[in-house]
Amino acid sequence: NAMSEFISVERHDRVCVVKIDRPAAKNALTQDMYGAMADALFEADENKDIRAVLLTSDGELFTAGNDLRDFQSERGEGEAPVGRFLRAIRDVNVPFIIAVNGPSIGVGLTMLLHADLVIAGERATFKAPFAQIGVVPEAGSSILLPQAVGMAWANDILLTGRALTAQEALSIGLISRVYPDGDLAAEAMKLAAQVSQMPPNALLESKKLIRAGRDAIIAQMEKEMVAFGNQLRSAEFKEAATAFFEKRAPVFD
């Protein structure tokens, strides 16, 4: 089992609550954290007593996205924990709810496209600056985001990296509910509890029907990973990442 001191997993009756808890690093995600979240999701799916999963985080941000330094370090063989996490959110059958408590960047936005219900606090913001740092959209977002919000918004989000407010995210259909920040945690638990008491097979079958046509998503995620990997090895990415850490404007030929 992948362990991370920065991911907490708790049971509340029939709800499994997974929390990103690394506030000192803006809840940036490491491979260990991805592994721990993937394990929690797959285990919740196996456990017949768990009828809903709620993912949220502690601190000022939901997540700043990938921990760039962690991702620059060499990995062993086999499926990368991030790949396993993306597979978990894509394939998990148990109802999956995300409560976005603050700024949500990169994978923090793209993971939302796999959740069944996404709610947010008023100070949540949403941003996918992949192109800015020299990479490409991932997690199936190149198909799922245009499907969710339409081509014009998807292009503006993925190509320019513009930040959305919670109200904008609600108005374009990226999320379905916004609550005052002080109410979000209680409302998220209430929603998860409500879902956990519904007929489980009806939810499962409904979810399967809603997620029809997933083969295209699986194929697209493979293509995204290849393009993402190519960009990670490029001079362009090296310059973008270096400029980011040096707090200067990047220069591209």
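The values are calculated or read from the model by the stated rules, or taken from the named source; none is laboratory data. It should be emphasised that the depicted structure is a prediction, and the values quoted were computed from it without experimental measurement. Here the Cβ positions follow ideal geometry from the backbone for every residue, glycine too, while neighbour counts run over all protein chains shown. Side chains included, ligands, DNA and RNA excluded: accessible areas come from the protein's heavy atoms. Shrake-Rupley method; radii C 1.70, N 1.55, O 1.52, S 1.80 Å.
Picking from residues in segment 19-41 that are among the small types (Gly, Ala, Ser) and touching a Leu at 6+ places or on another chain (Cβ under 9 Å), the one that is nearest to GLY83 (Cα to Cα) is ALA38.
Look at segment 87-109: where a residue is free of Cβ contacts under 8 Å to residues at least 12 places away in the same chain and open to solvent by less than 10 Å² (accessible area, probe 1.4 Å), no partner that is of a type outside the set (Asp, Glu) and part of a strand (DSSP E or B) sits 6+ places away or on another chain with Cβ atoms under 6 Å.
Here ALA193 fulfils each of the conditions (1) within 22 Å of ALA120 (Cβ to Cβ); (2) among the small types (Gly, Ala, Ser); (3) touching a Gly at 6+ places or on another chain (Cβ under 6 Å) apart from (3).
In the set ILE97, ILE143, ILE105, only one residue is touching an Asp or Glu at 6+ places or on another chain (Cβ under 7 Å) and closer than 22 Å to LEU174 by Cα; that residue is ILE97. Tell me, which residue of segment 39-70 that is open to solvent by less than 60 Å² (accessible area, probe 1.4 Å) and within 20 Å of PRO137 (Cα to Cα) is modelled with the lowest pLDDT? Residue satisfying both the conditions and the ranking: LEU68. You will find that of GLU168, GLU138, the residue that is of a type in the set (Asp, Glu) and within 22 Å of ARG90 (Cβ to Cβ) is GLU138 and no other. Among the residues of segment 160-181, the ones that are without any contact (Cβ under 8 Å) to a residue 40 or more places away in the chain and under 25 Å from CYS16 (Cβ atoms) come to 0 in all. What do you reckon, is THR125 touching a Pro at 6+ places or on another chain (Cβ under 7 Å) and either farther than 28 Å from PHE252 by Cα or surrounded by fewer than 24 Cβ atoms within 10 Å (Cβ to Cβ) (or both)? Yes.
Looking at this structure, is ARG75 modelled with pLDDT of 95 or more, over 12 Å from the mean Cα position of the chain (by Cα) and outside any helix (DSSP H, G or I)? When the stated conditions are applied, ARG75 does not pass them. When residues in segment 5-38 are screened for being open to solvent by 50 Å² or more (accessible area, probe 1.4 Å) and in contact with a strand residue (DSSP E or B) (Cβ under 6 Å, 6 or more places away or on another chain), 4 of them pass. Is it true that some residue in segment 173-183 is open to solvent by 80 Å² or more (accessible area, probe 1.4 Å) and either modelled with pLDDT of 95 or more or part of a helix (DSSP H, G or I) (or both)? Within segment 173-183, one or more residues are open to solvent by 80 Å² or more (accessible area, probe 1.4 Å) and either modelled with pLDDT of 95 or more or part of a helix (DSSP H, G or I) (or both).
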